[in-house]
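The values are calculated or read from the model by the stated rules, or taken from the named source; none is laboratory data. Values in this document were obtained by computation on a predicted structure and should not be read as measured data. Cβ sites come from the backbone with ideal geometry, for glycine too, and all protein chains shown count toward neighbours. Note: accessible area is taken over every heavy atom of the protein model, side chains too, but ligands, DNA and RNA are not part of it. Shrake-Rupley method; radii C 1.70, N 1.55, O 1.52, S 1.80 Å.
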Amino acid sequence: QVQLVEFGGGLVQAGGSLRLSCAASGLAFSRYAMGWFRQAPGKEREFVAAASWSGGSTFYADSVKGRFTISRDNAKNTVSLQMNSLKPEDTAVYYCAAGRAAITTPQAYDYWGQGTQVTVSS
């Protein structure tokens, strides 16, 4: 079965960096767009970043543009999210997802990981 496993979350001070990774198995990874979403307590899940199947096209939410970078390694079936200049408002559970298109809508993604907590202290 398809599995997406995120790791790399944790507690970091504002201005710091974290790198999230997601390991995929059970799917033809290079045929899927990959996305990162996040959900803070009491809020809806929101789009963070996405990469096309080749990684040649990437997309970001305005709130993270210039601070976060998505990348993928199709040889290793992994997708990563480098997060720099973190802010307290970045605190959330972060999810990776595999879908049909690298777009912002959660409904376009077929498979989801279990999430990893990122906490940014002020």
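Some points to look at:
- Residue check, residue 37 in contact with a helix residue (DSSP H, G or I) (Cβ under 7 Å, 6 or more places away or on another chain) and modelled with pLDDT of 95 or more: yes
- Lone unmet requirement of (1) aliphatic (A, V, I, L, M); (2) open to solvent by 60 Å² or more (accessible area, probe 1.4 Å); (3) under 14 Å from the mean Cα position of the chain (by Cα) for residue 118: (2)
- Qualifying residue in segment 62-74 (condition: under 19 Å from residue 23 (Cα atoms), over 11 Å from the mean Cα position of the chain (by Cα) and among the aromatic types (Phe, Trp, Tyr)): no
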